[in-house]
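Only one structure is covered here, and it is reproduced in the block below.
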Amino acid sequence: MSTVQELFHTFYPTYKETYKLSMEQAKAATNMMNCRTAAMGGHSYECESCSHSLVRYNSCRNRHCTLCQGVNKDIWVDQRKKDILDAPYFHVVFTMPEQLHMLIYHNQKLLYDLMYKAVAETLTELAGDRKYLGAQIGFFSVLHTWGQNLHYHPHIHTVVLAGGLGDRNQWRRSSEKFFIPVKVLSKKFRGKYLYYLKQYYQQKQLRFFNESKKYRDAKSFQALIDECYKKDWYSYMKRTFSGPIAVMEYLGRYTHRIAISNNRIVSVDKQSVTIKVKDYKRNQKKTVTLKGVEFLRRFLMHILPKGFVKIRHYGLLANRNKKTKLKLCRKLTKSPTYKPLFEGLSKIEILSILIKKDVSLCPSCKKTHLTEAIP
C-alpha cells in the first residue's frame, strides 16, 4: 500500500522548487518523511533467550502524520468514556461559505478561533433560551479544513449533549429531535461570525493577500459581508449512534482525522497520484487523479498553525466543570461508570491490545519478551 510518507519522498523536492512553505508546513513535511526512520532515532531491543535483536525507530508524533494518529485516537476515546452521560448526543456540522475561504486561509489562527467562538456562542445562547431547552449544555468542537478531494473547505464538527443543567440544578432532557431547528442554528451562527469579522476588519486585524487584496477597500469588504449575509449557511445535524460507548467510538472518527488516510491512496506513478473520494451529492465512490505536486499542495493547505488547539470542550464538558457540574449530571442521568482500559499502560502495551498481538514478544523464538538494550 502506498503511503503519504512515500508521496512526500517522491514529490517533495519538486514541490519545494515550485511553492514557498510556511515554517509549520516545512516542519510537518520533514517530520512525516522521517517518521519511523533512522532520522528520528530509535531504541534497540534484545531477546534474553535467543539473543535476537532489533531496532524500533521513533514516530514523529506530528498530528498531521498518517502513521501516528491511530493509537492517539484510541487513547483519547478511552479517556473520554469516563465523561459520557447516558443521554442523546447530536453531531452538528457548521460550514463556511466559499466566499470567505481564502480570507480564512490567509488569517488562519484568528479566523479558525472565530469559527469556534461563533459556534460556542450560538449553541450556548440558544440552549439557554427556554424556548428551546433553557439549560447549560455540554459540547466539544473539532476543526476540519478539507473536503474529499483535499480542496480547502473549513468547517467545524460539534458533538452536542442533547440535555443540560437547569437553573435549579435539575436535568433537562430534550426530545428525540435536536432541540434547536437547523435553520435557526445556521442563521445565528452566520450573524455571530460576520459580526465579529466586521469588528476584526475595523480593528485592522485582518491580512489580505492575492485575490483577497481587493477587500482592503472598505466598500469591497462591506460588499463581501452583504453577499455572505444573503447566503444560507449550510449546517448539518444528525443523531449519533445510541448508547454511551457507541457514541465515543463514533466520535473517534472525527477527533484525530487528518486530510487523507493511506488507505484512500489507490495508485502512484512518477507523475501522479490517484485517490478514492466519496461524492456525497450522488452518494457514490469514485477516484480522482492529481499531479504529485498538486497532491502535496492540497495536503499542506491543511497543516494547522503552531500551538493551535484542535479539540475544544465547552459548558458541562469544559475541564473546569468536570468535577462539579458534569459529575452532578452523571448522577442525575444515572450514567454508568467506565474505567479507562488504557490508563497507566505504555504505548507498546496499548498497541498490543489494539492489534490483539503481543508486539513485545520476540519474533524469532516467540517465547521471551524483548527488553530494551542498555547502550
Every pair of residues 6+ apart whose Cβ atoms lie under 9 Å, when the first sits in region 1-13 and is touching a residue at least 12 places away in the same chain (Cβ under 8 Å) and of a type outside the set (Asp, Glu) while the second is open to solvent by 70 Å² or more (accessible area, probe 1.4 Å) and in a helix (DSSP H, G or I): MET1/ASN263
Top-ranked residue in region 346-375 [being in contact with a helix residue (DSSP H, G or I) (Cβ under 8 Å, 6 or more places away or on another chain) and under 16 Å from ASP78 (Cβ atoms); ranked as least open to solvent (accessible area, probe 1.4 Å)]: ILE350
Sole residue being hydroxyl-bearing (Ser, Thr, Tyr) and touching a Lys or Arg at 6+ places or on another chain (Cβ under 9 Å), chosen from SER235, SER261, SER267: SER235
Single condition VAL309 does not satisfy, out of (1) under 18 Å from GLU24 (Cβ atoms); (2) surrounded by 14 or more Cβ atoms within 10 Å (Cβ to Cβ); (3) aliphatic (A, V, I, L, M): (2)
Residue satisfying all of: in region 323-341; at pLDDT 90 or above and among the aliphatic types (A, V, I, L, M); least open to solvent (accessible area, probe 1.4 Å) among these: LEU326
Answer residue from region 209-237, given it is within 27 Å of the chain's Cα centre (by Cα) and of a type in the set (Phe, Trp, Tyr) and is surrounded by the fewest Cβ atoms within 10 Å (Cβ to Cβ) among those: PHE209
Selected residue [over 22 Å from the mean Cα position of the chain (by Cα), closer than 27 Å to THR124 by Cβ and not β-branched (Val, Ile, Thr)] from LEU304, LEU326: LEU326
Every pair of residues 6+ apart whose Cβ atoms lie under 9 Å, when the first sits in region 180-198 and is within 22 Å of ARG130 (Cα to Cα) while the second is of a type in the set (Asp, Glu) and open to solvent by less than 60 Å² (accessible area, probe 1.4 Å): LYS188/GLU121; PHE189/GLU121; LYS192/GLU121
Cβ pairs under 8 Å, 6+ apart, first in region 258-271 and within 20 Å of LEU300 (Cβ to Cβ), second open to solvent by 20 Å² or more (accessible area, probe 1.4 Å) and of a type in the set (Gly, Ala, Ser): ASN262/SER2; ILE265/SER2; VAL268/SER2
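Every residue in region 99-126 that is closer than 15 Å to LEU185 by Cβ and among the acidic types (Asp, Glu), please.
GLU121, GLU125
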Meets criteria (open to solvent by less than 60 Å² (accessible area, probe 1.4 Å), modelled with pLDDT of 95 or more, on the phi < 0 side of the Ramachandran plot and among the polar types (S, T, N, Q)) for THR274: yes
Residue list for region 342-371, filter: at pLDDT 90 or above, of a type in the set (Asp, Glu) and either out of contact with any strand residue (DSSP E or B) (no Cβ under 9 Å at 6 or more places or on another chain) or within 18 Å of GLN69 (Cα to Cα) (or both): none
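Rundown of residues vs (1) in contact with a Leu (Cβ under 6 Å, 6 or more places away or on another chain); (2) touching a residue at least 60 places away in the same chain (Cβ under 8 Å), yes/no style:
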{"site": "PRO88", "(1), (2)": "no, yes"}
{"site": "VAL92", "(1), (2)": "no, yes"}
{"site": "GLU98", "(1), (2)": "no, no"}
{"site": "MET115", "(1), (2)": "no, yes"}
{"site": "ILE137", "(1), (2)": "yes, yes"}
{"site": "LEU143", "(1), (2)": "no, yes"}
{"site": "GLY163", "(1), (2)": "no, yes"}
{"site": "ASN169", "(1), (2)": "no, yes"}
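The values are calculated or read from the model by the stated rules, or taken from the named source; none is laboratory data. Here the structure is a predicted model, which means the values were calculated and not measured. Every residue, glycine among them, receives a Cβ derived from its backbone with ideal geometry; neighbour counts consider all protein chains shown. Note: areas computed on protein heavy atoms with side chains; ligands, DNA, RNA excluded. Shrake-Rupley method; radii C 1.70, N 1.55, O 1.52, S 1.80 Å.
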